[in-house]
1. Kindly provide the set of residues from the stretch 75-124 that are basic (Lys, Arg) and more than 13 Å from residue 154 (Cβ to Cβ), ordered by number.
2. So which of 198, 210 ends up being hydroxyl-bearing (Ser, Thr, Tyr), more than 18 Å from residue 84 (Cβ to Cβ) and either in the same structural domain as residue 249 (by TED's automatic domain parsing) or in a loop (DSSP other than H, G, I, E, B) (or both)?
3. Residues that are in the same structural domain as residue 182 (by TED's automatic domain parsing) and in contact with a Gly (Cβ under 8 Å, 6 or more places away or on another chain): find the helices (runs of 4 or more DSSP H) completely inside the stretch 93-168 holding 3 or more of those.
4. Specify the residue that is surrounded by the fewest Cβ atoms within 10 Å (Cβ to Cβ); the eligible residues are those in the stretch 117-170 that are touching a residue at least 40 places away in the same chain (Cβ under 8 Å) and among the polar types (S, T, N, Q).
5. Could you grab me the full set of residues in the stretch 60-70 that are part of a helix (DSSP H, G or I) and farther than 17 Å from residue 244 by Cβ?
6. Out of 92, 26, I need the residue that is over 26 Å from residue 221 (Cα atoms), touching a residue at least 60 places away in the same chain (Cβ under 8 Å) and among the small types (Gly, Ala, Ser). Which one?
7. Identify all residues within the stretch 170-201 that are among the hydroxyl-bearing types (Ser, Thr, Tyr) and under 13 Å from the mean Cα position of the chain (by Cα); write none if there are none.
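The values are calculated or read from the model by the stated rules, or taken from the named source; none is laboratory data. These figures come from a predicted structure and were not determined experimentally. Reconstructed Cβ throughout: ideal geometry from the backbone, glycine too, with neighbour counts over all protein chains shown.
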Amino acid sequence: MSRRAWVQVACVAITLFMGVPLYLIALAALSSRESLNRFPLPLLPTDPSVETLRTFLDTTGIVPGFVNSLTVGIGTVLLSLLIGVPGGYAVARYAFRGRGPYQMFLLLTRALPIVVLSVPLARIFLNAGLYDTTYAVTLLHTALALPTTVLITAAIFVGVSREQEEAAMVFGASPMKAFLRIVVPQALPGIAAAAMFTFVLSWNEVLGATILTLNQRTLPAQVLTTLSDSPLAYRFAGGFALVLPAVVFIAIMRRYLLNMWGTTLR
């Protein structure tokens, strides 16, 4: 087989590896409880039902948890981009002493276990009156996402022509205007990639949200506290509810990657 054929086979294998679990979770969540007890389990939807999913959504704390997760996820994306994009631009454009070690330090912060950050932050947020709020979880998730946001956007800004930015300033644009009008549009793929990673990280994070909240828990934290005493159908419905918003967000942001990189991704 040619190299191109092997690449296609590898792409199909990776797609199946990632897509089959999602399909099975969706199939179980949208099937009746009777069909889940059959053996062998059908691989095609034979008895579709939203009863299990409706029961899951009617459970106390699920809808507020969903709203909290959405609030935290969007807030984390906005805050991470607001801080991380200028940080990535500075790393890419300016040569300063210690730039290499600084980038390595950013990566090392991701090596810290979440509990190492969560426990001290819980003490700080208690003293500041932010404990058990979505603001506390948003700040934690932003701290977790900032290193990758800075590094991803820095890698994209390196590929943006400096000459175009300088030409815009020669014709009267301020540095900020040149950045917004010339650099940012060309860096949208990297910004979209950073936003996708940040949202998925925030949506799936559970340990920090569990430590920092009691009554304002995100959906993963809320589901985690009820899984041990829940039936199998409830677990499948919970998994589907956790996966679906992240998949939808990635599908929305993906078009920015395709529109900007074009045939490179096709």
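1. Selection gives 97, 110, 123.
2. 210
3. Because the criterion is at least 3 residues that are in the same structural domain as residue 182 (by TED's automatic domain parsing) and in contact with a Gly (Cβ under 8 Å, 6 or more places away or on another chain), the helices (runs of 4 or more DSSP H) in the stretch 93-168 that meet it are 114-128, 134-158.
4. That would be 133.
5. Across the stretch 60-70, the qualifying residue is only 64.
6. Exactly one residue qualifies, and that residue is 92.
7. 198
A quick yes/no check of all residues on (1) among the charged types (D, E, K, R); (2) touching a helix residue (DSSP H, G or I) at 6+ places or on another chain (Cβ under 7 Å); (3) under 30 Å from residue 89 (Cα atoms):
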position	(1), (2), (3)
177	yes, no, yes
182	no, yes, yes
192	no, yes, yes
202	no, yes, yes
214	no, no, no
220	no, yes, no
223	no, yes, no
